[in-house]
Amino acid sequence: MSNLNALIEALPKAELHLHLEGSLEPEQLMEFAARNGVDIPFKTLEEVRAAYEFSNLQDFLDIYYQGMSVLQTEADFHDLTDAYLQRVAADNVRHVEVFFDPQGHTDRGIPFDVPIKGILRALDAAEAKYGITYRLIMCFLRHLSEEDAFETWEQAQPWLSKIHGIGLDSSENGHPPSKFTRIYEAARKAGLKLVAHAGEEGPPSYVYEALDDLKIDRIDHGNRSLEDDALVARIKEAGLTLTVCPLSNLSLCVVDDLKDHPMKRMLELGLKATINSDDPAYFGGYMNENYRQTAEAVGLTREEIITIAKNGFTGSFLSPEEQARHLAEIDRIASAH
Ligand code: HPA
Ligand code: ZN
């Protein structure tokens, strides 16, 4: 194993951009379909895998929502979340801030309480079981209406002490952040953290809207910010973290080749970029695989890899004391490598 790969494996990491429904591996999809009697258009694992070829975000989302249909019971959501935690524990991930898409479930008749109960049961056990702490972020589907989002917000009220933040995902083009200004205002008043997908496929103006209208604390993806120097300067000045997802960007053709990925450029520009897996079951790799392939493709240095791992904790919603504990551990591990 190369020295850099050994370092990547050994470093404590935080994952800040992960859709739990996107961690549904083909094996588990087939298992849940069978145990719940859900019809899926695939007979074999090979057929499922063959469907995981995407040319853009919408292509992926169509399969992602179809895959979700096998998630029916609290046990399904628990098992899905637990399997994700077990996998990232093996990657030395120590903290996760994970998304879930309640509307992807309530829209097909699954009550709001079903996914969140199963997810929280797995997350609440994770510290004792895997040494992993968590924050839970509820995403709104941006292709749905503001009214739909407010309905979901109402359903979430009894759970707000267990929901740390809100996010915005799904089809970006044609659904600018400004559509959700009032939902973000309500969540801000309730004391929640605010993140939003912006600048994955959408233009820099969507990132400006996420900053100005939604007043977000962190940017999910943000790649296209690099097209606008003033925007880069603003993100840097505000010290905002970008949750970047290299293998997702490759799968969804946000970049044509991983060698063209802007991760290194983001760091050189002084942006707080992190590496995350987004929807690892669909995009070909969990945390360490994202680190490894990116490091190799764009030539990350040892120092840059350490910086990215540190950015994961400083960009998290952990307390300063908790962040400091993880940063000290990174320094300890790095000095041994
Ligand atoms: N972008 C937008 N919506 C999503 C994604 C993504 O990468 N993953 C799951 N929903
Ligand atoms: Zn995402």
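Per-structure values
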read-out: Rough spin-label spacing in nm, given labels placed 7 Å along Cα→Cβ, for ASN173 and TYR65; value: 1.7 nm
read-out: Potential lengthening between GLU47 and ALA90 on full extension [0.36 nm per residue; Cα-Cα distance subtracted]; value: 12.7 nm
read-out: Sulfur and carbon atoms: percent of accessible area, region 2-336 [1.4 Å]; value: 48 percent
read-out: Region 86-137: radius of gyration over Cα atoms, expressed as a fraction of 2.2 N^0.38 Å; value: 1.26
read-out: Inter-label distance for ASP260 and ALA83, nm, one decimal - labels placed 7 Å from Cα along Cα-to-Cβ; value: 3.4 nm
read-out: Cβ-Cβ FRET estimate between THR181 and LEU269, R0 fixed at 25 Å, reported to 0.05; value: 0.35
read-out: CYS253 paired with GLU27, simple spin-label distance in nm, labels 7 Å along Cα-to-beta-carbon; value: 3.2 nm
read-out: Relative contact order (%) - criterion: Cα under 8 Å, at least six apart; region: the chain; value: 21 percent
read-out: Most mobile of THR294, THR106, THR243 in a GNM of the chain (Cα contacts under 10 Å); value: THR106
read-out: Taking all pairs of distinct alpha-carbon atoms in region 2-336, Kirkwood radius in angstrom; value: 19.9 Å
read-out: Over the chain: helical MRE at 222 nm, DSSP H runs n ≥ 4 each giving -39500 (n - 2.57), nearest 500; value: -15500 deg cm²/dmol
read-out: Added length on full extension, which subtracts the Cα-Cα distance from 0.36 nm per residue, GLU154 to ASN56; value: 32.0 nm
read-out: Whichever aspartates and glutamates have a C-alpha closer than 16 Å to that of LYS162, once near sequence neighbours (fewer than 8 apart) are set aside; value: GLU97, ASP101, ASP113, ASP124, GLU127, GLU154
read-out: Set of lysines with alpha-carbon distance to LYS264 below 22 Å, sequence-local pairs under 8 removed; value: LYS13, LYS236, LYS272, LYS310
read-out: Anchor LYS179: lysines whose Cα lies under 25 Å away (excluding residues fewer than 8 positions away in-chain); value: LYS189, LYS193, LYS215
read-out: Difference of contour (0.36 nm per residue) and Cα-Cα distance, SER335 to ALA125; value: 72.5 nm
read-out: 1.4 Å probe accessible area per residue over region 251-337, in Å²; value: 41 Å²
read-out: Choice from ASP91, ASP278, ASP148 showing the highest fluctuation, given a GNM over the chain with Cα pairs closer than 10 Å; value: ASP148
read-out: Gyration tensor over alpha-carbon atoms, region 62-208, equivalent ellipsoid semi-axes in Å; value: 25, 17, 16
read-out: Shape box of region 162-218 [Cα atoms, principal axes, largest first, Å]; value: 31, 19, 17
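The values are calculated or read from the model by the stated rules, or taken from the named source; none is laboratory data. All of these numbers come straight from a predicted model, not from anything done at the bench. Note that each Cβ is placed from the backbone with ideal geometry, even for glycine, and that neighbours are counted across all protein chains shown. Side chains are part of the model used for accessible areas, which takes the heavy atoms of the whole protein and leaves out ligands, DNA and RNA. Shrake-Rupley method; radii C 1.70, N 1.55, O 1.52, S 1.80 Å.
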